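The values are calculated or read from the model by the stated rules, or taken from the named source; none is laboratory data. Treat the numbers as computed from the prediction; the structure is a model and nothing was measured. Here Cβ is always computed from backbone atoms with ideal geometry, including for glycine, and neighbour counts include all displayed protein chains.
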């Protein structure tokens, strides 16, 4: 209880015993406290250093405990003075941090978009935004697996935000369920109260913070090139609307995707749309985030169900039967 004043638990125990029995010596205090005499002597040295013991005027060589009202109050005053000094240091440090951050700030372009060059700059800015998030963080994630290092870096910030009551909603591709690392991240996020849904394909990578700030890649084909930080209200509102549309059609993590009246899963419907548009199996595999072998296996199953002898005929039959 008194560690804040510099007393160890051992010293506090001995001090309380001396207050009850001021005339007890080392042996008696050892008996009172159940401590070895060597520990009692060490505690007495600590108490003397804290000026909680004074020489006895009645017995030469003996020590008497100083009244708590005097001794402990004096220690408390010292501790309070130190706390005030530490708070002053904290305030000065906060001002210094704000000054350094101001020096790093960049003016926005006319369209209020800030260029974030390179992955390191993007991650650093996301960390700042996550610290400042007040109520909501939305994200679309078309990429592959959540790497363990990225997950470990984001976990403390996500956990702290969720504990503050921030709503975190994320959309990932359906294919992520085949990756152990991303599955681990999804379980962790939902376990802390975050929400995640999956869709066959995600249109664009983006993060929207508090419906005021959006982060999108400068080049969707090369995420390492950096990102744009957008504050224009109209653009941010449009991105929020896109997120809500994708979210509405997503499957909550932990549930199996539902099939439509034709027995097609969401991924199968999207595959048919891709093939019907004339794209190759390789393109479909990239968009769905699955292997070429998986695409061909799915396509073979769809062709059989559609009584089609070719991919082209499968597209025609799907359109005729209302599968598209």
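Of all residues in segment 190-234 being free of Cβ contacts under 8 Å to residues at least 24 places away in the same chain and farther than 20 Å from residue 117 by Cβ, which is farthest from the chain's Cα centre (by Cα)?
Residue satisfying both the conditions and the ranking: 234.
Looking at this structure, is residue 47 in contact with a strand residue (DSSP E or B) (Cβ under 8 Å, 6 or more places away or on another chain) and in the same structural domain as residue 81 (by TED's automatic domain parsing)?
Taking the combined requirement at face value, the residue satisfies it.
When residue 304 is evaluated against the numbered criteria (1) loosely packed, with under 12 Cβ neighbours inside 10 Å; (2) outside the structural domain of residue 190 (by TED's automatic domain parsing); (3) under 13 Å from residue 202 (Cα atoms), which criterion, by number, is the only one it fails?
(3)
Given (1) modelled with pLDDT of 85 or more; (2) within 30 Å of residue 128 (Cβ to Cβ), where does residue 102 come up short, assuming only one miss?
Just one mismatch for residue 102, condition (1).
Are any of the residues in segment 77-92 in the same structural domain as residue 226 (by TED's automatic domain parsing) and at pLDDT 80 or above?
No - not one qualifying residue is present in segment 77-92.
Only residues that are touching a strand residue (DSSP E or B) at 6+ places or on another chain (Cβ under 9 Å), buried (at least 17 other Cβ atoms within 10 Å of the Cβ) and modelled with pLDDT of 80 or more: list them for segment 54-76, please.
Hits for segment 54-76 are 65, 66, 71.
So which residues in segment 21-53 are exposed (fewer than 13 other Cβ atoms within 10 Å of the Cβ) and closer than 21 Å to residue 6 by Cα, if there are any at all?
38, 45, 49, 51
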